[in-house]
Each structure stands twice: as C-alpha cells, then as structure tokens.
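Just so it is clear, none of the values below were taken in a lab; they were calculated from the coordinates. Keep in mind it's a predicted model, so treat the numbers as computed, not measured. Every residue, glycine among them, receives a Cβ derived from its backbone with ideal geometry; neighbour counts consider all protein chains shown.
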Amino acid sequence: MRKYCLVLLLLFCGFLSPRAAARVVYFNEEFTDSTLRIDYIFSGTSKTQHIALQSLSKTKGWYGRRHHLGEQLLRGNGQLVVLDAASKDTVYQHSFSSLFQEWQSTEEATRLERSFDNAFLIPYPKRPVEVVCTLTDTHNLVTSELRHIVDPKDILIRDRSMDLQTPWRYIWKGGDSRECIDIAIVAEGFNEEQMPDFLAMCDTTMLALMSHEPYRSMMHKFNFVAVMPRSVQNGVSIPRKNLWFDTALGSHYDTFYTDRYMTIPSVGRLFDLCTGIPFEHFIILANTTQYGGGGIYNSYTIASAKSPRSKLEVIVHEFGHSFGGLGDEYYYDDMYETWYPADTEPWEPNLTTLVDFASKWQDLLPAGTAVPTVPDGKDLTTKVGVYEGGGYQSKGVYRPTQECRMKVNEVKEFCPVCQRAIHRLIDFYTEKE
C-alpha cells in the first residue's frame, strides 16, 4: 500500500510518466507457452471498414516477445489489444498494417467493396481475455473496432499442435527463441527438385540482410528458419501477361494494377504452411527473375528470389517495411489519395509532417540545422536534416537524409535515423523492461 501511494504521489508531482508507472506484465503469470492464432476478415470500401472474426486455433510454443507485453513501440495502421476479461488490464499489445488498408487508397476502392483475410498470433492466455482489434485511418483515428471474448477453454478453439508440418530447418540460430527474433524464410513457386537451390538462396538472403547495420552487430539476436512448401508449378503469376501458376502461396504481380508489386492473396494460407514452426516474421522468396516485391508492417516481406537486384536491394528495403515499420522515403505525387495528411504526424519513425517532430529525430539534428533542410549533395546518407519529399509526396512530408535504403535501393546502408529505429525495435523484442 505504501509503495502504491508513493507511485500516486510521484505521478501527481510529475516525477513519473504514466508509462513509467504502468503495470509490468509477466509472461508466466498471464500466458502459457503456447500460441493463439486469431483470423479476421477485413472488408469495406475507401470510406468504410469492417472487421469480422473468422476462426481461432492453438499450437504449442510461443515464439514472440516475452517482455514489454503490454506496450507497443510503433502504432501501425491497426492494433490488437488483449485485456484481462475480469480486471480490464492490458496484458498484450500488437500493432500491424494490412494490404486491405493499402487497397483503400486506390481508385478501385471508391466503387467496389472487397475483403482481405488476416491472421495474428498472441500468447495463449491462462484466463479469459477480451481482444480488441482496431483499424485506423491516415489521421490515426479509429475507423473500425471489434471486441470479442476468448475463453482459453473454448472447445471450438482448434488445437493444431499435431498438424502435419511443412518441412523446415534452421539456417542460423543466434540463441533460444525466448530471447531471439525468429524469421521464417518461405519458399514460393519451388518444386521438390528446386529445394536445394532455395536453401542456397536462403543463406544468401540472410547474409545480405544481416550485412546491414544495425542487423550486422545484432545478428546474435536473430534465428532464421527455411520453410519448404512444395509448389505444383514453378514460378509466380503475372496477370498482365496472362500467366497463372499453381503455387504454394498463389503469389502474383500486378497488385492494385502496379506491375512490380507482388503480394499473396491469403495471409491465412501463409500461416497455415508455417503451423508449428518457430516464427515471428516472414520473408517469402518467390521463384522468379522478375523484379519486384512488397513489404507490409508485421505481416510479410516478399521478393523475387532470382532477380539480380533482389537479395542486395529489394529484400533489405521491404524488410525495412515489414519488420522495421519504416516508411518509403521516395515521392512522385501520383497517388490517388494523400497517405500522409498535413495535420497528422506519421507513425513511421523515419517520416514527419512536423506536427510532432520532437517525437522523431529532432534530437539527432546538428546545431543550427535549418528546417526544412536544403539538399547540398554532400554526405548523402549520413547528414541528418529535415529534407522535404517522402511518403510518396513531394510536399509536406519530410525524410531524415538526402538518400537512404528506404528511398533508393542502390544506397549501401540505412541512414542514422532508420538504423536507430531498427535498433530500438530489436531491443523492444528481446530486452527486458
């Protein structure tokens, strides 16, 4: 009681922030060493959003973070908050983005309603919990919310612990899954005979990614597994050429009618193929020489496995999206809808509209730096400033350096701001409070 009163007094006097006084959630008190998978359907138009619960399932083992459970470092375009059903205390949080929300910015969404499946993993609760799934718009305002109770004893939660596993193997093990970040590299469009080639590509992909800071100096905090689903046909579908193939994930180019944008039609299918395998994040290697790919925050990265540019460029950039939550720093002003409105600060750590620049990289600016900063062509990737142009917009959105891996694929390294953001995220996943 005396300790509780002291905390209240410190809060009242302003010596502690609300976050500092927040309840620390201990994994073993709230969860078992198992995983609850929650599948949702997101649907709507450019102006509407709907969330529907599709299914619940369970597997043995929990391979996500075991610390900072009640927090989220990045807001994303959607949030999953797990509350103790009795006390309403937050016991777990997860943030994400979705292909559905990207589609909402297209012209097609103004005249058509579509649906997209999504799957999320949370640690398996010991007691009933209330799960709150929310989607937010470009103003960071909640546009749709679904609340539902999950009773861990519910007989309709399918136990998939004994499901037949897709063949897989470790290609790098930095340590125990409870202390490391588990990355699954998944084969797409490879048949049985091509699996040795895929495994060699996994090694090359991992080494290319880990050659960049801050991954390079923190490689001991990662595990990589190669997942080997066999496809009936080789390759990746290219709709504009009327080429369609029967592959493990059904990936295809021309997403949203953009030639090089490659995605998969079902996130649930990806999770099905990785059932029971230790993973937190996905990299999908697609069996094609066609340049392209995609990356969605806390969903997946996909890229060509055979394009000469893929391993050294595209995968690093797209993993910056899917793992690091970084925004695109290039711009061209031909989006159907403004993605970053002037009155809202982006949640991505490497973009700002100056609405709340203090929460971004203001502390990294050299003394006397002008805002905005005029490009001078010197120290392109290391000179931190506030350069106008980013997030697909030439005006009103600012990036940290003149060039970066999140702007130009040919740049060798991430800028200091992106490196710090990734470093913070790795620590968030792996370090204790």
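A few points about this structure:
- Cα extents for the chain along the principal axes, largest to smallest and rounded to whole angstrom: 68, 62, 48.
- Dividing the Cα radius of gyration of the stretch 89-165 by its Kirkwood radius returns 1.04 for Rg/Rh.
- Three semi-axes of the equivalent ellipsoid, the stretch 168-322, Cα gyration tensor, whole Å, largest first: 24, 17, 14
- Counted over the stretch 328-412 with a bin width of 5 Å, the fraction of Cα pairs per bin, in whole percents, is 3, 16, 27, 27, 17, 8, 2, 0.
- In this simple spin-label model, placing a label point 7 Å from the Cα along the Cα-to-Cβ direction at both Asn409 and Lys378 gives a separation of 3.2 nm.
- Here Val371 and Leu73 are evaluated by their C-beta separation; at R0 = 25 Å the FRET efficiency comes out at 0.50.
- Fraction of beta bridges assigned by DSSP in the stretch 158-250 that are antiparallel (%, nearest 5): 50
- Residues of the stretch 67-108 falling in the label zone of Val355, defined by backbone nitrogen less than 14 Å from a point 7 Å along Cα to beta-carbon, are 75-77.
- Shown here is the pair-distance distribution of the stretch 21-159: with all Cα-Cα distances grouped in 10 Å bins from zero up to the longest one, the shares run 12, 41, 32, 13, 2 percent.
- Computed packing ranks the peptides 159-167, 90-98 as 90-98, 159-167, most packed first, by mean other Cβ atoms within 10 Å.
- Rg and Dmax of the stretch 246-381, Cα atoms only, in Å: 18.0, 58
- Summed over qualifying helices (DSSP H, 4 residues or more, each -39500 (n - 2.57)) and divided by its residue number, the chain shows a 222 nm mean residue ellipticity of -4500 deg cm²/dmol.
- Per-residue Cβ neighbour rank within 10 angstrom, fewest leading, Ile264, Ile183, Ile149: Ile149, Ile183, Ile264
- Contour minus Cα-Cα distance for Arg169 and His220 (0.36 nm per residue): 16.6 nm
- Magnitude of the charge dipole for the chain, about its Cα centre and with charges confined to Cβ atoms of Lys, Arg (+1) and Asp, Glu (-1), is about 900 debye.
- Highest average packing first - 415-425, 189-199, Cβ atoms within 10 Å: 415-425, 189-199
- With a cut-off of 9 Å between beta carbons, the residues surrounding Gly64 carry a summed charge of 0, where Lys and Arg count +1 and Asp and Glu -1.
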